[in-house]
1. Check every one of the strands (runs of 3 or more DSSP E) wholly within segment 44-154 and list those with 2 or more residues that are hydroxyl-bearing (Ser, Thr, Tyr), crowded, with 17+ Cβ neighbours inside 10 Å and in contact (Cβ under 8 Å) with a residue 60 or more places away in the chain.
2. Given the criterion closer than 30 Å to Gly325 by Cα, in contact with a helix residue (DSSP H, G or I) (Cβ under 9 Å, 6 or more places away or on another chain) and not polar (S, T, N, Q), identify the matching residue among Ala116, Ala48, Ala121.
3. Kindly provide the set of residues from segment 170-206 that are under 19 Å from Arg130 (Cα atoms), in contact with an Asp or Glu (Cβ under 9 Å, 6 or more places away or on another chain) and in contact (Cβ under 8 Å) with a residue 24 or more places away in the chain, ordered by number.
4. Can you tell me which residue among Tyr278, Tyr256 is out of contact with any Leu (no Cβ under 7 Å at 6 or more places or on another chain) and outside any loop (DSSP other than H, G, I, E, B)?
5. Please report, ordered by residue number, the strands (runs of 3 or more DSSP E) entirely within segment 297-385 with at least 2 residues that are closer than 30 Å to Arg434 by Cβ and under 21 Å from the mean Cα position of the chain (by Cα).
6. Of all residues in segment 444-466, which are at pLDDT below 95 and open to solvent by 60 Å² or more (accessible area, probe 1.4 Å)?
7. Determine if segment 22-32 includes at least one residue that is closer than 22 Å to Val298 by Cβ, modelled with pLDDT of 50 or more and out of contact with any Phe, Trp or Tyr (no Cβ under 7 Å at 6 or more places or on another chain).
8. Step by step: first the residues of segment 144-164, then only those that are modelled with pLDDT of 95 or more and among the charged types (D, E, K, R), then the one that is nearest to Leu89 (Cα to Cα). Which residue is that?
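The values are calculated or read from the model by the stated rules, or taken from the named source; none is laboratory data. Source: prediction; values computed, not measured. Here the Cβ positions follow ideal geometry from the backbone for every residue, glycine too, while neighbour counts run over all protein chains shown. We work out accessible area using only protein heavy atoms, side chains counted, and drop any ligands, DNA or RNA first. Shrake-Rupley method; radii C 1.70, N 1.55, O 1.52, S 1.80 Å.
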Amino acid sequence: MTSPPAQTVYDIDKRPGCDQDAVMIPLIALALQLAPETVHSRGNPILADGRTYSTDPAPLVDGDTLWILAGRDEAPDGVNDFIMNEWQLLSTRNPASGVWRHYPAIARPERVFAWAEPGRAYAGQIVKGRDGRFYMYAPVLQRDGDAKDRFAIGVAVADRPTGPWRDAHPSGPIISQTVPVANDIQNIDPTVLIDDAKGGDGRVYIYWGTFGRLRAMELAPDMVTPKGPEQVVTGATGFFEAPWLMKRRGTYYLLYAANNTGPDSPCTPTLYHACQAYASAPSPMGPWTYRGVVLRPVSSTTSHAGAVEFKGRWYLTYHTADAKGGGHFRRSVAIDPMVWDDSISPPAIRPVRPTRAPAPPAAPTRNVALSAWPTASNAPGPKQYWIAALNDGVVRTSPLPPDMWGNWTKQNPASAWIEYRWPRPVTLNGTRIRFFADHPADADEGVAPPAAWHLEYWAAEQAGGWRRIESTYPTGVDGFQEVHFPPVTTRCLRAVMDASGAEDRHAGLAIEEWETLSPTLAPVTPRSVEAPAGCAGG
């Protein structure tokens with residue numbers, strides 16, 4: 001990491017009438033900032049080496065520079081919590097160049113807002129006011145008060161995006177569960193639009209919300225005073241959180257994280273993941289009409305995006321878990337071009353296909369599961385699980401439900417199977433399987449290790465089709481359980497499991513990763529675009 005700047009001595013005016021706190025607070029904040037560094041990014045994510053994680057991007061254009069405000073994920077590996085203590089900035093004059101400036105620790109909640117607690121520096125946004133100053137809308141935890149949920153939205157102001165930032169409304173937050181009017185939602189994820197674009201009147205609008213509840217309100221020209229009541233926003237199908245308000249050619253657009261789930265959902269098959277959807281409206285306060293999905297689920301369960309026009313091109317910023325050591329709580333900002341379809345009215349946003357920095361070829365492996373299509377006896381399965389996790393090559397220290405296949409419901413079956421299908425026969429002589437459990441062996445509730453399990457392969461040339469593979473099958477949950485057997489050649493392989501429990505009460509089953517091993521090392525074969533046909537009896 002970079003070193004702090006050299007110490008600077010400031011001569012504070014001690015004359016009567018000088019507000020020393022007003023001078024000292026921003027100067028202390030400036031002194032505590034770390035020096036920026038130049039980053040040469042090879043692609044997404046921008047900060048990829050795992051030294052610093054970045055999240056919840058909010059782009060801002062000022063002159064010839066694109067800025068991205070981001071939070072910082074600091075959760076240790078295996079900690080499933082949003083440990084976020086500060087905000088940071090990225091800037092570039094040309095996203096295609098890969099040259100960025102990284103400004104770490106530009107602000108912390110407790111140093112900007114005297115009424116805020118440390119930590120929980122969640123998703124904010126910086127906008128440039130008509131007075132030329134910059135305003136940062138930030139959700140933080142209110143230190144005092146009797147609100148059931150203490151998240152509140154404060155506003156900071158600075159002369160430049162890098163700060164130093166000071167509270168623009170020192171009397172407290174502009175939005176909480178008690179101001180300007182009582183509400184019962186979690187007040188986070190603010191997004192602000194100054195309607196200065198063509199045809200705009202310069203009015204200021206703020207949207208915010210999470211957990212499926214979206215609110216909107218107009219602000220006075222001073223950027224901090226609520227003007228009019230909060231409005232409940234409808235029309236954003238599947239809204240979960242992370243609104244982003246913008247305008248293009250007279251039409252208003254609202255990006256947001258959606259999680260309307262299901263096997264046929266255009267958004268996401270799993271409950272924990274989200275996509276980026278959008279709606280459009282003829283005015284900044286709606287009415288909103290759902291338009292579709294901009295970005296499908298990425299490698300992190302959360303999805304948070306912002307879009308902006310820069311030097312004649314539009315860009316979508318978002319976060320993923322793709323940095324070194326990344327995870328659902330160690331996310332990193334990415335950026336890709338966003339293209340409009342102007343052949344329809346109002347114009348539509350074409351789906352963005354996320355990109356990643358070039359990576360060296362994968363090392364040869366015995367694990368041919370990477371090229372298989374998974375299915376299961378309970379397909380498509382409960383919405384909290386994701387069958388694609390079976391062979392994604394990722395094992396997390398503390399997995400969430402979408403990091404595994406599972407079959408837990410209120411009434412679990414006595415047995416279940418998972419299956420791999422290949423477009424062409426493969427030869428196998430081993431497997432490694434990683435069971436997940438939150439209950440002990442023999443439990444009849446929760447998720448427990450299987451009481452027993454075995455492998456079956458499809459032998460089309462033999463009577464009976466499915467043939468059991470005789471071997472020893474361990475049922476531990478202490479890492480991968482390995483099984484070895486004489487080579488078999490097949491196009492379909494099943495793991496058949498007996499659930500623990502008895503009679504009509506059984507525990508659920510879950511598997512984080514299932515590797516199938518060939519006798520020799522070989523390059524990784526990409527999975528076919530189309531799922532192969534199932535084997536007989538499947």
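1. 134-141
2. After ruling out the rest, the residue left standing is Ala121.
3. Asp195, Gly202, Arg203, Tyr205, Ile206
4. Testing whether each residue is out of contact with any Leu (no Cβ under 7 Å at 6 or more places or on another chain) and outside any loop (DSSP other than H, G, I, E, B) leaves just Tyr256.
5. Of the strands (runs of 3 or more DSSP E) lying wholly inside segment 297-385, those with at least 2 residues that are closer than 30 Å to Arg434 by Cβ and under 21 Å from the mean Cα position of the chain (by Cα) span 313-320, 332-338.
6. Hits for segment 444-466 are Ala460, Glu461, Gln462, Ala463, Gly464.
7. no
8. Here the answer is Arg160.
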